[in-house]
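Notes follow once the structure below has been shown.
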Amino acid sequence: MKRFRPSSMKSAPILLAALVLSAFSITGVALVAVTHQLMDGRITENQRQAMLTKLAAIVPAGRFDNDPLEDQIQVSAQELLGGAQTRVYRIRQGDEPVAVVLEPVVPDGYAGPIQLLVSVLRDGSLGGVRVLYHHETPGLGDKIEERKSDWVLSFTGRSLTDPAPERWEVKRDGGEFDQFTGATITPRSIVHAVKNALIYVDQTGETLFATPQPTHDAVGAG
Ligand SMILES: Cc1cc2nc3c(=O)[nH]c(=O)nc-3n(C[C@H](O)[C@H](O)[C@H](O)COP(=O)(O)O)c2cc1C
């Protein structure tokens, strides 16, 4: 005689398998999400540290005690700073302004825009200039990188009076700054951009320090 076997008993193994599979996939998704969160945090912290290191290299060592990454504003001066919005980090010792560090964009690089980091000390001299990113040609325009040549260090200590404004050119154009062999366009564009950043700071002065910083979100959005 055929024994009666309820259909729920037949489907039990299938249900069990489905449950096990679901448990595995939920655990998998959760693991990926947690790993992503952890990595995200580490990348952000790494980026923060990398930026602080870059800033520290072009402002006077031991002469500031604020966190420039938490003390930044966005300014609009496309003519002089190349972008619709430009980030400005304020460097302070207590309430005393020490320097501002701008991120101007060089619009006329050989192979596209070049992003700079330009530190201007309170006396109007350059604490230093660094290239944050560029697309210039390896072996030609890329000598603007500090790790490729020391050309970019030639700006340190210079100001709008040293050299005189008309000498803020590459040597080929009658100015003070070296060009590269077979590559004049890149250094020329950077010399002009650094001079413009100096002009901007000269014109704006203490307002740069007095401007309240926006909320953290607003800064991050820029
Ligand atoms: C493939 C290629 C890539 C070049 N890349 C650059 C560059 O990154 N920066 C630059 O200033 N000139 C670059 N040049 C050279 C410029 O076209 C231009 O000739 C030079 O900047 C002018 O400088 P000079 O008068 O000293 O020769 C490149 C030329 C070629 C053919």
Subset tally (residues that are part of a strand (DSSP E or B) and touching an Asp or Glu at 6+ places or on another chain (Cβ under 6 Å)) for the range 130-187: 1
Quick check on the range 82-92. Is at least one of its residues within 21 Å of Val120 (Cα to Cα), open to solvent by 70 Å² or more (accessible area, probe 1.4 Å) and assigned by TED's automatic domain parsing to the domain that holds Val118? yes
Restricting attention to the range 98-114, and to residues there that are farther than 10 Å from Val88 by Cα and not hydrophobic (A, V, I, L, M, F, W, C), which single residue is nearest to the ligand (Cβ to nearest atom)? Tyr110
All positions within the range 80-125 that are of a type in the set (Asp, Glu) and either in a loop (DSSP other than H, G, I, E, B) or in contact (Cβ under 8 Å) with a residue 12 or more places away in the chain (or both): Asp95, Glu103, Asp108, Asp123
Considering only the range 40-54, I want to know if a residue exists there that is within 27 Å of Ser189 (Cα to Cα), open to solvent by less than 40 Å² (accessible area, probe 1.4 Å), modelled with pLDDT of 90 or more and not assigned by TED's automatic domain parsing to the domain that holds Val131. yes
Only one of Val152, Val105, Val131 is open to solvent by less than 10 Å² (accessible area, probe 1.4 Å) and on the phi < 0 side of the Ramachandran plot; which? Val152
Taking the range 115-143 only, how many residues are near the ligand (Cβ under 9 Å from one of its atoms) and closer than 23 Å to Pro68 by Cβ? 1
Condition check: open to solvent by 20 Å² or more (accessible area, probe 1.4 Å), in the same structural domain as Thr181 (by TED's automatic domain parsing) and among the charged types (D, E, K, R). Does Glu136 satisfy that? no
For the range 170-193, check the following and say yes or no: at least one residue is of a type outside the set (D, E, K, R), within 27 Å of Ala84 (Cβ to Cβ), open to solvent by 40 Å² or more (accessible area, probe 1.4 Å) and within 16 Å of the ligand (Cβ to nearest atom). yes
Total residues in the range 44-58, condition farther than 20 Å from Lys195 by Cβ and over 13 Å from the mean Cα position of the chain (by Cα): 3
Pairing a residue in the range 185-197 that is at pLDDT 95 or above with any residue that is within 16 Å of the ligand (Cβ to nearest atom) and of a type in the set (S, T, N, Q), where Cβ atoms lie under 6 Å and the two sit 6 or more apart in sequence or on different chains, gives Pro187/Gln179
Would you confirm whether any residue within the range 202-213 is on the phi > 0 side of the Ramachandran plot, within 14 Å of the ligand (Cβ to nearest atom) and surrounded by fewer than 16 Cβ atoms within 10 Å (Cβ to Cβ)? no
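The values are calculated or read from the model by the stated rules, or taken from the named source; none is laboratory data. Nothing here was measured: the structure is a model prediction, and the numbers come from that model. Neighbour counts run over all protein chains shown; Cβ positions are idealised from the backbone, glycine included. The accessibility values were calculated without ligands, DNA or RNA, using every heavy atom of the protein model including side chains. Shrake-Rupley method; radii C 1.70, N 1.55, O 1.52, S 1.80 Å.
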